[in-house]
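S.K.: After the C-alpha cells below, expect a handful of questions from me.
The values are calculated or read from the model by the stated rules, or taken from the named source; none is laboratory data. Since the model is a prediction, treat every value here as computed from it, not as a measurement. Quick reminder, even Gly has a Cβ in these numbers, built from the backbone with ideal geometry, and neighbours come from all protein chains shown. All accessible areas refer to the heavy atoms of the entire protein, side chains included, with ligands and DNA or RNA removed. Shrake-Rupley method; radii C 1.70, N 1.55, O 1.52, S 1.80 Å.
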Amino acid sequence: MSRVGKYPVPVPSGVTVQIAGDEFIAKGKNGESRMPLSLDLVDTTIEGDKVWVKPKTEAKQSRMMWGTTRALINNLVKGVSEGFTVNLEINGVGYRAAVEGKVLKLALGYSHDINYPIPDDIAMKCDKPTAISITGRDKQRVGQIAAEIRSYRGPEPYKGKGIKYETETILRKEGKKK
C-alpha cells in the first residue's frame with residue numbers, strides 16, 4: 001500500500017497557498033488554481049512552507065483520499081509554479097503540424113486538415129513541423145488535450161506512422177514474409 005500521503009507538500013517561493021472553506025487555493029506565476037477538499041475524510045493544514053494532509057479516521061475511504069488529496073495538492077502547487085509540458089512527435093511522410101493563432105493545424109494524411117482549437121489556459125508551440133509542445137498549469141487538462149490530439153492518428157505498429165508521445169516506444173511488428 002502506498003504511503004505517499006505521509007510526506008508534506010513543499011511550497012516553493014513565489015507560491016501562496018490557502019484553505020478557504022472547503023477549497024484549496026494556490027497562486028503563482030502561472031496563475032491561480034483551486035481544488036475542492038473532502039473535509040469529512042481528510043484534514044489539510046498549512047505549516048510554514050509545507051502542506052500536510054492527514055486522514056480523519058482509519059476508514060478505508062479516508063485512507064484512500066489521504067494519498068489522492070496529497071497528490072492533487074502537489075500537482076496544483078507544481079502547476080502554478082512550474083507548469084506541466086507534454087511533447088508529441090509526428091512520424092510519417094507529409095504529416096505535419098503548425099500553430100496558426102489559436103488553432104493547431106494538423107496534416108495527417110486525411111483528405112482534409114484537422115483544426116484543433118487551442119484552449120485559453122493551454123499554450124502550444126511547434127518548434128519543428130513534426131513536434132508539438134503542450135504546456136499548462138493543470139496536469140490533467142494538459143494530458144487530456146495531448147491524448148485528444150494523439151487520437152487523431154495514433155501510431156501504427158508496422159511503420160510507426162502517426163502521433164506519439166515523446167517518451168513512448170512503439171512495439172513494432174514484422175511485416176509479411178514471402
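S.K.: Taking the criterion of being open to solvent by 50 Å² or more (accessible area, probe 1.4 Å), of a type in the set (S, T, N, Q) and within 29 Å of Met124 (Cβ to Cβ), would at least one residue in the range 40-51 satisfy it?
M.R.: no
S.K.: Does the range 69-86 include one or more residues that are out of contact with any Gly (no Cβ under 9 Å at 6 or more places or on another chain), of a type in the set (Val, Ile, Thr) and surrounded by fewer than 18 Cβ atoms within 10 Å (Cβ to Cβ)? Outline the logic, then answer.
M.R.: Applying the first criterion (out of contact with any Gly (no Cβ under 9 Å at 6 or more places or on another chain)) to the range 69-86 yields 72-76, 78.
Going one step further and asking which of them are of a type in the set (Val, Ile, Thr), we end up with 73.
Restricting the remaining residues to those that are surrounded by fewer than 18 Cβ atoms within 10 Å (Cβ to Cβ) gives none.
Checking the range 69-86: not a single residue is out of contact with any Gly (no Cβ under 9 Å at 6 or more places or on another chain), of a type in the set (Val, Ile, Thr) and surrounded by fewer than 18 Cβ atoms within 10 Å (Cβ to Cβ).
S.K.: Confirm whether Arg137 is open to solvent by 30 Å² or more (accessible area, probe 1.4 Å), over 30 Å from Glu156 (Cα atoms) and within 18 Å of the chain's Cα centre (by Cα). It would help to see each step written out before you state the result.
M.R.: On the way: open to solvent by 30 Å² or more (accessible area, probe 1.4 Å): yes; over 30 Å from Glu156 (Cα atoms): yes; within 18 Å of the chain's Cα centre (by Cα): yes.
Yes, satisfied.
S.K.: So is Lys128 surrounded by fewer than 16 Cβ atoms within 10 Å (Cβ to Cβ) and either over 19 Å from Glu168 (Cα atoms) or not charged (D, E, K, R) (or both) or not? Steps first, answer last, please.
M.R.: On the way: surrounded by fewer than 16 Cβ atoms within 10 Å (Cβ to Cβ): yes; either over 19 Å from Glu168 (Cα atoms) or not charged (D, E, K, R) (or both): no.
When the stated conditions are applied, Lys128 does not pass them.
S.K.: Here are some conditions: (1) surrounded by 17 or more Cβ atoms within 10 Å (Cβ to Cβ); (2) over 18 Å from the mean Cα position of the chain (by Cα); (3) over 22 Å from Ile122 (Cβ atoms). Lys54 meets all but one. Which one does it not meet?
M.R.: Lys54 satisfies every listed condition except (1).
S.K.: While we're on this one: Among the candidates Glu174, Glu166, single out the residue that is acidic (Asp, Glu), without any contact (Cβ under 8 Å) to a residue 12 or more places away in the chain and exposed (fewer than 15 other Cβ atoms within 10 Å of the Cβ).
M.R.: Step by step, each of Glu174, Glu166 is checked, and only Glu174 is acidic (Asp, Glu), without any contact (Cβ under 8 Å) to a residue 12 or more places away in the chain and exposed (fewer than 15 other Cβ atoms within 10 Å of the Cβ).
S.K.: May I pose another question? Being among the acidic types (Asp, Glu) and over 16 Å from Gly79 (Cβ atoms) is the filter; apply it to the range 24-46 and report the residue that is modelled with the lowest pLDDT.
M.R.: Looking at the filtered set, the residue picked out is Asp40.
S.K.: May I ask you to list the residues in the range 87-109 that are in contact (Cβ under 8 Å) with a residue 24 or more places away in the chain, farther than 15 Å from Ala147 by Cα, open to solvent by less than 30 Å² (accessible area, probe 1.4 Å) and not in a loop (DSSP other than H, G, I, E, B)?
M.R.: Ala97
S.K.: As an exercise: evaluate His112 against (1) under 30 Å from Asp49 (Cβ atoms); (2) of a type outside the set (Val, Ile, Thr); (3) open to solvent by 60 Å² or more (accessible area, probe 1.4 Å) and give the number of the one condition it does not meet.
M.R.: His112 satisfies every listed condition except (1).
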